[in-house]
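Since the structure comes first, as structure tokens, the remarks are kept for the end.
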Amino acid sequence: MAKSKVRTVFFCSNCGAQSPKWVGRCPVCGEWNTYTEEVVERDPKESLWRKERTAGIFEAAKSQPVLVRDIQSRPVARWDMGDAELNRVLGGGLVPGSFVLVGGEPGIGKSTLMLQVALQMPGEHKILYVSGEESAEQIKMRAERLGLTGSPCYILTETCIDDIFTQAAQLQPDILVADSIQTLHATTIEASAGSISQIKECAAQLQRFAKESGTSVFVIGHITKDGNLAGPKLLEHIVDTVLHFEGDRHYGYRILRSVKNRFGSTNEIGIYEMQDKGLREVSNPSEILLSQREEQLSGTAIAATVEGLRPMMVEVQALVSPTAYSVPQRSATGFDLRRLNMLLAVLEKRCGAKLGNKDVFLNIAGGLRVDDPALDLAVVAAVLSSGQDLPLNPKTAFAAEVGLTGEIRPVSRLDQRLSEAGKLGFGRIFVSRYGIKEVQKKYQGMIVPVATLFELFQKIKGD
Ligand code: TYD
Ligand code: MG
């Protein structure tokens, strides 16, 4: 009997590794129960990345080995995207021919961001916005809502990647936006759109298209909260740049974070506010992150943080209250819970704070997640302030890391933090006693050096 032509392969939905049979534990990433079966037509042993269908459209030049010193390098001309936040996150504008993945939870505003950028891009760049999620009318409605309808941006509602390439070959756009990778499918693969083999194949074809035609490609990908839904995670190594669009849906603020960038620094962030007429760039983040209020209450402390190269003053709020249960509750919004538990343990051990029968809630104002060790000192100060019901001086800020022995450790870019704090009217900044040589003169009278948590406690009491 002839063998069936349909072949199936098992893919790990976490890392994308493949196997001819089901395995319980992925030998590549070690995750359990992540293998799913998918139908692929071709022999899986052959590379899935070479496709005859598109080869005719964009002929690749045969490459030869070249000596490094013989390679001509040209300064990369970057394109202004007409959006200061996006330019910054991309490392100073878009590199032509680059392949960018914009990931984020559904509903966070990825389509809005990309459509807005496509519609307001300065210059005469031809843009093709391919949507597999919305109809042309829906996109037009969104464009009207954004108040932008006049730019040379073409809309194509299509999900078949081969047809998209046929259209792109005719139109020859400078930028192609594909919304989203989960809706695209290549006809060479049997599996349904959104499956791992389709996502991999479509991404590989888009990458080839970007490199061979010089078109910059933006791909939108949905990820869930834990970030491991099949798709964007396993694309990270294919693309040049990975941007994460994140934020708390209950607040209007959104952060565009660069997690990988072949053409610039990572950890750059762009901040936006979602309004009824689209996303507004937030050029001065400190103003939104500090809540305005007249009287100073206990439990709030201001941290002088830096994200990427951007200084921001962030308000940390803590609530310490007697627990009604046998096991006290600990909860953190916008801050790592394990880190909070560690800081509480350090406070108990080194400062004698009695927190074993107290609930502790921590909140970073504005609903943003800031990854900066310099938040530690403000967290500790906020917890102490709430525990002792002792309001802190509103003109005081904090910037230091806390170690396991209760020592206060220095943090990077102190100069930038101090200058931002000074600009916003903070008169005193608690910093580590160590590593302040360079800034001591410039910020004399402003910095309050502390070496241990105990010292911090004594000083904020008398502040
Ligand atoms: P959307 O871009 O569709 O999200 P994604 O593509 O990431 O799934 O945006 C979804 C939300 O944005 C939607 O709930 C409505 C809101 N929104 C505004 O608040 N203002 C606006 O101007 C637009 C266009 C959308
Ligand atoms: Mg969308």
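The values are calculated or read from the model by the stated rules, or taken from the named source; none is laboratory data. Predicted model, so just to flag it, every value in this text is computed and none were measured. Cβ placement follows ideal geometry from the backbone for every residue including glycine, while neighbour counts extend to all protein chains displayed. Keep in mind that these areas ignore ligands, DNA and RNA; they rest on the heavy atoms of the full protein, side chains included. Shrake-Rupley method; radii C 1.70, N 1.55, O 1.52, S 1.80 Å.
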Heavy-atom accessible area ranking, 1.4 Å probe, most first, across 392, 67: 67, 392
Relative contact order (%) - criterion: Cα under 8 Å, at least six apart; region: segment 377-456: 29
Low-density loop cleavage sites - chymotrypsin sites (Phe, Trp or Tyr not before Pro) in segment 111-168, where at most 14 other Cβ are within 10 Å (DSSP): none
Set of aspartates and glutamates with alpha-carbon distance to residue 395 below 20 Å, sequence-local pairs under 8 removed: 287, 294, 295, 315, 376, 415, 420, 455, 463
Rel. contact order, % - alpha carbon contacts under 8 angstrom, at least six apart, the chain: 12
Crossing angle, helix 196-213 versus the chain [Cα axis fit, 0-90 degrees, rounded to tens]: 80
Over segment 287-462, relative contact order from alpha-carbon pairs under 8 Å, at least 6 apart, %: 25
Solvent exposure ordering (accessible area, 1.4 Å, most first) of 302, 155: 155, 302
Longest site-free stretch - the chain; sites: GluC sites (Glu not before Pro), DSSP loop, at most 11 other Cβ within 10 Å: 125-293
Spatially close lysines, pair count over segment 77-283: Cα under 25 Å, gap of eight or more or interchain: 21
In degrees, nearest ten, helix 161-171 long axis to first principal axis of the chain (Cα): 80
Radius 10 Å from Cβ of residue 355, net charge of other residues (Lys, Arg +1; Asp, Glu -1): +1
Reference-scaled alpha-carbon Rg (2.2 N^0.38 Å with N residues) for segment 77-283: 0.93
Protection proxy ranking of 103-109, 339-345 - average other beta-carbon atoms within 10 Å, highest first: 103-109, 339-345
Heavy atoms of residue 319: accessible area, 1.4 Å probe, square angstrom to 10: 90
Rounded if a/c under 1.5, otherwise prolate or oblate - the chain, Cα gyration tensor axes: prolate
Environment charge of residue 104, counting only residues whose C-beta is closer than 9 Å and scoring Lys/Arg +1, Asp/Glu -1: 0
Acute angle (nearest 10 degrees) that the helix 337-351 long axis makes with the longest principal axis of the chain, alpha-carbon atoms: 20
Beta bridges by DSSP in the chain, antiparallel share as percent, to the nearest 5: 50
Cleavage-rule hits (trypsin sites (Lys or Arg not before Pro)) in segment 386-463: DSSP loop, at most 12 neighbouring Cβ within 10 angstrom: 441, 442
